[in-house]
Structures are given as C-alpha cells and as structure tokens.
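What follows draws every value from the coordinates through simple rules; no lab data is involved. Nothing here was measured: the structure is a model prediction, and the numbers come from that model. Note that each Cβ is placed from the backbone with ideal geometry, even for glycine, and that neighbours are counted across all protein chains shown.
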C-alpha cells in the first residue's frame, strides 16, 4: 500500500512520520503543487489531477478548500473506491457549544469547505473535522512562550484541540479500517482530545509549566476569529470507530511532552 498525502503541510508530515513506523503502510508520498522536499510528487495544478492512484493505495487529503472547487473535484474523482480521509474543521459546527458526531453542521458554515467535504464524501472518503492542531513546535504553548498570544475576552470560553500525532493516528486508523470495511465511507467525525478547557485554564498551565508571564487579554471582538468560539468537542466516536486510543488525551499530556526549557 502506497500512502499518498495530498497537500502536504504540518498534519501530512506527521502522518508520514507515523506511517513510516507502521507495517500496515508503505512509503508515504507527499503530493504538492510545488516541490518542498526530495521525493515529493509535484502536480502544479490540482484542478488537472491525474489518475495516479492504484486500488491498493490510500490517500489523506489536507489542502485547504479552494474558491471554485475544481481542485477538490479532480482529486476526489481520483480517489473513488480508494481508502481516503479528508481533513476538515470543527469550525463547520458554527456556534454549537457541545459538539459530537450527532451535531449538525451550521446553516451558515463555510460553503467552500462544505462543498469540498461533499465531493470527497461522494467519492467514499471519511471526513475528520479537527479543532486546533498542536505539536512540539506549534500551538498555543509556543505562542505564549514567544509572547505572541492574547487571551480572548475574559478567557472563560472553551476550546478543544488535538495533538498532531493523535490526529495522524486517527487518519491512519480510518484508512486501515476503510481498507477492510467500507461502512464508514462518507461519514463525518469530529475529533479532539478528551479535555476541552477554557482559554484561561490552558494559559495558566502553560505559564506554570514553562515559567513564563501570563499573556494579556484582548476584547473578544479584537481576537482572531479562530479564538472567539466557545466549543467543547467530543471525539470519542472517531476513536471507537477506528480503534484508536489517544496518546495525549489532555493538553497537559501533549504540552508537558516538551518539558520546560
């Protein structure tokens, strides 16, 4: 099985690292619009995506939704009947405060991302909607350490996140499950760790762990849109469906992995 990672980026790189140590998968090939690393498969125009996949291959799609949807349509057409996972966002749940596999998509959700999801669903892909993705070198803990983070409002709003290694494990689990059982094809799963928390709580933990000053607060309307939500994500359904136990069930587990420096 050749694993194709269409779009590259932070999550795709984590999937390739994890797959390299997993006997169920062969070499991971990143497919990009422009070369970044040796071994990349370069396809300058995804809207003209060729039929490069074989029946025994597997595909993870990570590139962002485009304005006209032509790239998604072409890639999805190449993925039909091949185990495929499309990485989407929990932002599509809009103002829903409690999110689970039963939560409907918001009526005002981003139409570009929704169109992309539907194209891949029609091709039989599993859709994983992710919250904030963090890792050793990326996330709120690194922004706080760099003095670049601002707490939105009074910090009481809740947020969910997922460690990139756990997201990678879920993606590989979904692919392997599809290889043997197509009953989840076209299904949408929110994913996230088991410990949603307030912005204030995570900031306090980071400051205590790394002995750094507390970040300042800004009025909610001045915070980035991605920090204004108030959402708890229950990702247990995806873990159960694909046989995955989170390595970092809490942000505390994932952030402590770095250790104070």
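I need 193, 154 ordered by Cβ neighbour count within 10 Å, fewest first.
By the 10 Å Cβ count, ascending, the order reads 154, 193.
Contour minus end-to-end for residue 68 and residue 214, with contour as 0.36 nm per residue of separation and end-to-end as the Cα-Cα distance?
Length difference between fully extended and current span is 48.3 nm.
Which percent, nearest 5, of DSSP beta bridges in region 21-150 are antiparallel?
For region 21-150, the DSSP antiparallel bridge percentage is about 10.
Please compute the modelled spin-label separation between residue 236 and residue 1, points set 7 Å along Cα→Cβ, answer in nm with one decimal.
2.7
Give me Rg over Rh for region 163-213, both radii from the alpha carbons and Rh done the Kirkwood way, two decimal places.
On the way: Rg = 16.8 Å, Rh = 13.8 Å.
Ratio of gyration radius to Kirkwood radius: 1.22.
If I fit a long axis through the Cα atoms of helix 164-180 and take the longest principal axis of the Cα atoms of the chain, what angle between them do I get, 0 to 90°, rounded to 10?
Around 30 degrees separate the two axes.
Restricting the count to DSSP beta bridges whose residues both fall in the chain, what percent are antiparallel, rounded to a multiple of 5?
Taking every DSSP beta bridge within the chain, about 10 percent pair in antiparallel fashion.
I'd like the projected area of region 134-234, averaged over all directions, using the convex hull of its alpha carbons. Report it in nm² with one decimal.
The orientation-averaged projected area of the Cα hull of region 134-234 comes to 7.4 nm².
So what's region 12-148 giving for Cα Rg divided by 2.2 N^0.38 Å, two decimals? Could you put the intermediate results ahead of the total?
Values: Rg = 16.5 Å, N = 137, 2.2 N^0.38 = 14.3 Å.
Taking N as the residue count of region 12-148, the ratio is 1.16.
Take the alpha-carbon centre of region 119-162, take the same for region 192-244, and report the distance between them in whole Å.
Cα centres, region 119-162 to region 192-244: 7 Å.
Report D for region 45-89 in µm² per second (integer): Stokes-Einstein, Kirkwood Rh on Cα pairs, 25 °C, 0.890 mPa s.
D = 224 µm²/s.
How far apart, in nanometres, would the label points at residue 256 and residue 81 be if each is projected 7 angstrom from Cα along the Cα-to-Cβ direction?
So the two model labels end up 4.9 nm from each other.
Quick check: residue separation of residue 225 and residue 10 times 0.36 nm, minus the Cα distance between them. What number comes out in nm?
Values: separation 215, 0.36 × 215 = 77.40 nm, distance 2.08 nm.
Difference between extended and current length: 75.3 nm.
Using only alpha carbon pairs under 8 Å that are at least six residues apart, calculate the relative contact order of the chain and give it in whole percent.
Numbers: 536 pairs, mean separation 50.9, N = 261.
Relative contact order of the chain: 20 percent.
Find how much the distance from residue 198 to residue 122 grows on full extension, using 0.36 nm per residue of separation minus their present alpha carbon separation; answer in nm with one decimal. Intermediate values should be presented prior to the final figure.
Working: separation 76, 0.36 × 76 = 27.36 nm, distance 3.64 nm.
Additional length available on full extension: 23.7 nm.
Helix 9-20 sits at what angle to the longest principal axis of the chain, using alpha carbons and giving 0 to 90 degrees rounded to 10?
70
Assuming 0.890 mPa s and 25 °C, estimate D for region 197-254 with Stokes-Einstein, Rh taken as the Kirkwood radius over Cα pairs, in µm²/s. Before the final figure, lay out the partial values.
Working: Rh = 14.0 Å.
Value of D from the Cα-based Kirkwood radius: 176 µm²/s.
How tilted is helix 111-122 with respect to the longest principal axis of the chain? Cα atoms for both, answer in degrees (0 to 90, nearest 10).
Computed tilt is about 40 degrees.
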